[in-house]
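The values are calculated or read from the model by the stated rules, or taken from the named source; none is laboratory data. Fair warning: this is a prediction, and the values are worked out from it, not measured in the lab. Backbone-built Cβ (ideal geometry, glycine too); neighbour counts: all protein chains shown. Heavy atoms of the whole protein, side chains included, go into the accessibility calculation; ligands, DNA and RNA do not. Shrake-Rupley method; radii C 1.70, N 1.55, O 1.52, S 1.80 Å.
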Amino acid sequence: MRFLRRNADEATPTADDTPAEVTAADPARTPGKGKPTPKRREAESKRRGPVPPPPRTQREALKRMRGNKSKVSKEERRAAAVERRQRMMAGEDKYLLPRDRGPVKAYIRDLVDSRRNLMGLFMPLAILVFVALLVPMPAIQQYATLVTTFMLLAMVVEGVVLGRLVTKRVRAKFPTDTSRGLSIGWYSFIRASQLRRLRVPKPRVTYGAKV
């Protein structure tokens, strides 16, 4: 009777005789990536994506700040708001509202701020009229109404003259500008009707300065 046995040439393969295909298919081994491992800063930047553009309006800035409330502390948000306010008051074009941006608008502000305008008394005059209406004396109310009427007429005339003057100066300095004369005049009127200390951005020229 012949027993089952292996032939001599069918010996058990050793580790050196293991083919390359078996080694490559071994799930226990991790193949090389073929490229260096990225740094943590690069990986985080790719995960976050591109840097968003700066906010165009104050409302957009507040909305973005509220969205990042969980990531930024209250002190950091307050410091960022203070810094943004300071840069806006200083007249940095990046932090201004769209209506105030550009060299043309900066030139208009300088022209208005270098003049003493009667329109700057608009807000105090409105407060004076309100107080006069509260006084139970018809004579005072009549005089206040009369003075207010003359002041308003003078302000309207001054606003028209100022708008034409500023438009003429803008056309001469910026011949390629396409802004309408009505837009330039209205911007000048709004700027001149505000109190000097409340103007945003702050005036960068003094009274009588040559612009």
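Flag not set for R116, criterion: within 21 Å of the chain's Cα centre (by Cα) and either assigned to a helix (DSSP H, G or I) or of a type outside the set (D, E) (or both). Scanning segment 150-165 for residues that are out of contact with any helix residue (DSSP H, G or I) (no Cβ under 7 Å at 6 or more places or on another chain) and small (G, A, S) turns up nothing.
In segment 119-150, which residue that is more than 37 Å from the chain's Cα centre (by Cα) and of a type in the set (G, A, S) is most open to solvent (accessible area, probe 1.4 Å)? Only one residue tops the list, namely A139. Of the residues making up segment 160-211, those that are among the hydroxyl-bearing types (S, T, Y) and open to solvent by 60 Å² or more (accessible area, probe 1.4 Å) are T176, T178, T206, Y207. With respect to (1) open to solvent by 80 Å² or more (accessible area, probe 1.4 Å); (2) within 30 Å of T57 (Cβ to Cβ), the lone exception for L153 is condition (2). Among the residues of segment 165-211, those that are basic (K, R), without any contact (Cβ under 8 Å) to a residue 40 or more places away in the chain and in a helix (DSSP H, G or I) comprise K168, R171, R197.
If we scan segment 105-118, do we find a residue that is of a type in the set (A, V, I, L, M, F, W, C), over 25 Å from I190 (Cβ atoms) and surrounded by 11 or more Cβ atoms within 10 Å (Cβ to Cβ)? Walk me through it before giving the result.
Within segment 105-118, the first condition is being of a type in the set (A, V, I, L, M, F, W, C), and the residues that meet it are 106, 108, 111-112, 118.
Filter again for over 25 Å from I190 (Cβ atoms), leaving none.
Within segment 105-118 (the criterion being of a type in the set (A, V, I, L, M, F, W, C), over 25 Å from I190 (Cβ atoms) and surrounded by 11 or more Cβ atoms within 10 Å (Cβ to Cβ)), the answer is no, since none of the residues qualifies.
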